[in-house]
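Presented below is the structure to which this report refers.
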Amino acid sequence: MTGRGRVLGIETSCDETAAAVVDAGRTVVSSVVSSQVDVHSRYGGVVPELAGRAHLELALPVVTDALAGAGLDRRGRSLDGEAREAACGIDAVAATIGPGLIGALLVGVSTAKALALAWGVPFVGVNHLEGHLYAAMLEAPDLELPVVVLLVSGGHSLLVALEAPGSYKVLGATLDDAAGEAFDKVARYLGLGYPGGPEIDRLAVSGDPTSIRFPRASTEGVFDFSFSGLKTAVVNYVRAHPEVTNEDVAASFQEAVVDVLVAKTLAAAEDIRARGGCLAGGVAANSSLRARFAEAFATRGLSSYLPSREMCTDNAAMIAAAGYFQLQRSGPTPLDAGAVPDLRLHNSK
Ligand code: KG4
Ligand code: ZN
């Protein structure tokens, strides 16, 4: 890779169509995210066919916007007449190849391959989960490694030791429901809207987190999570106590989730002698989790990094950053590589 190491990233794994231009895996030049929440909210969850179709409509306009934000036209050439460069201003195109919905992933992967081929630059297929690991670094360039990243979204709950860009180790994962999934399922049971996390967060403010003692699941692997038992405990409690308020259930449920997430991340940070902990993924927007996470790390003299909501949720800047480091480490992805809906995150080599 030459020059600035300028990567165009494309993200279409679920219900956000996103594109971004990032320099050298660290500096966000432009980032555009188009959310499909409105398309799916009335169905109470993401409808795969609708997601695929919406990505198809949005991919090129979103990519064009991201390129324009970096001063480039649709061919990747400089828009500035004076400094008009003959060469393409993009050094590589990265796209999420998994995990995600197959019809959604294919839109981003095909778009990225076509652009890479047309521009004569490398294509890089990125693991979406690896992308999330770099989100905190994009906002905190002085972040000191190693850190433990707690990645909690609608589809995943992972604890990962990030030792250096491109070097990480998976410490633990969810054995059943992801943290966000637990929020969404409990919210649906309580008759709240979708997505459920923000609704529970909002209601919990006026509830008593100590009013109901929900279980904190223990798992065989010290850094693994399990949330399906907690979900069942909420359902059983509400059935047995119909007079209970949604506010108290929301606050007590949230307290149980946050207790487990914070305790395990802190224990993992101490275990690997990390300098601090990072939050990533949609659940990282939770106000109680943010407050308790920061407090717990500060008490132990460790740093905590709480990226903005935009950076925690799905975006393409994190995909471009991951693509940059992957290209440095293991080169381009062959153009005949497909999308992998059930791609897992393995330890880096
Ligand atoms: O990372 P994300 O935007 O999408 C993926 O799953 O990839 O995460 C969405 C998840 C949903 O389950 C949503 O309920 C949860 O993040 N979420 C929250 C909050 N905001 C979003 N959970 C708890 N508290 C919040 N404030
Ligand atoms: Zn995600």
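The values are calculated or read from the model by the stated rules, or taken from the named source; none is laboratory data. What you see is a predicted model; the values in this text were computed from it and never measured. Methodologically, a virtual Cβ is constructed for each residue, glycine included, from the backbone with ideal geometry; neighbour enumeration extends over all protein chains shown. Accessible surface areas use protein heavy atoms only, side chains included; no ligands, DNA or RNA. Shrake-Rupley method; radii C 1.70, N 1.55, O 1.52, S 1.80 Å.
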Some residue of the range 89-100 being modelled with pLDDT of 95 or more, closer than 19 Å to Arg6 by Cα and open to solvent by 10 Å² or more (accessible area, probe 1.4 Å): yes
Members of the range 286-302 found to be touching a residue at least 12 places away in the same chain (Cβ under 8 Å) and either open to solvent by 50 Å² or more (accessible area, probe 1.4 Å) or within 16 Å of ligand 1 (Cβ to nearest atom) (or both), listed by number: Asn286, Ser287, Ser288, Leu289, Arg290, Arg292, Phe293, Ala294, Arg300
Failed item in (1) under 14 Å from Arg344 (Cα atoms); (2) within 13 Å of ligand 2 (Cβ to nearest atom), with Ala179 passing the rest: (1)
Test: residue in the range 312-320 that is within 16 Å of ligand 1 (Cβ to nearest atom), in contact with an Asp or Glu (Cβ under 7 Å, 6 or more places away or on another chain) and over 25 Å from Leu101 (Cβ atoms): no
Residues that are surrounded by fewer than 24 Cβ atoms within 10 Å (Cβ to Cβ), within 17 Å of the chain's Cα centre (by Cα) and among the hydrophobic types (A, V, I, L, M, F, W, C), drawn from the range 138-161: Leu138, Ala140, Ala161
Residue among Phe183, Phe214 that is within 30 Å of Ala140 (Cβ to Cβ) and open to solvent by less than 40 Å² (accessible area, probe 1.4 Å): Phe183
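So that you can scan it fast, the table gives a plain yes or no per residue for (1) within 16 Å of ligand 2 (Cβ to nearest atom); (2) over 14 Å from Val152 (Cβ atoms); (3) in contact with a Phe, Trp or Tyr (Cβ under 8 Å, 6 or more places away or on another chain):
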position	(1), (2), (3)
Leu192	no, yes, no
Thr210	no, yes, no
Phe214	no, yes, yes
Phe223	no, no, no
Ser228	no, yes, no
Test: Val124 is assigned to a strand (DSSP E or B) and within 16 Å of ligand 1 (Cβ to nearest atom): no
Residues of the range 98-117 that turn out to be more than 15 Å from ligand 1 (Cβ to nearest atom) and touching a residue at least 40 places away in the same chain (Cβ under 8 Å), as a count: 11
Subset of the range 8-34 (residues that are open to solvent by less than 30 Å² (accessible area, probe 1.4 Å) and within 18 Å of Ala136 (Cβ to Cβ)): Gly9, Glu11, Ala18, Ala20, Val22, Asp23, Gly25
Qualifying residue in the range 205-213 (condition: within 16 Å of ligand 1 (Cβ to nearest atom) and of a type in the set (A, V, I, L, M)): yes
The range 244-264 residues that are among the aromatic types (Phe, Trp, Tyr), paired with ones that are assigned to a helix (DSSP H, G or I) (beta carbon under 6 Å, 6 or more apart): Phe253/Val186; Phe253/Val234
Residue list for the range 323-349, filter: part of a helix (DSSP H, G or I), of a type in the set (Gly, Ala, Ser) and modelled with pLDDT of 95 or more: Gly323
Cross-chain or 6+ apart pairs with Cβ under 6 Å, the range 267-284 first and open to solvent by less than 10 Å² (accessible area, probe 1.4 Å) and in a helix (DSSP H, G or I), then at pLDDT 95 or above and within 16 Å of ligand 2 (Cβ to nearest atom): Ala268/Leu159
Residue match in the range 319-326 (condition: of a type in the set (Phe, Trp, Tyr), closer than 30 Å to Arg6 by Cβ and open to solvent by less than 30 Å² (accessible area, probe 1.4 Å)): yes
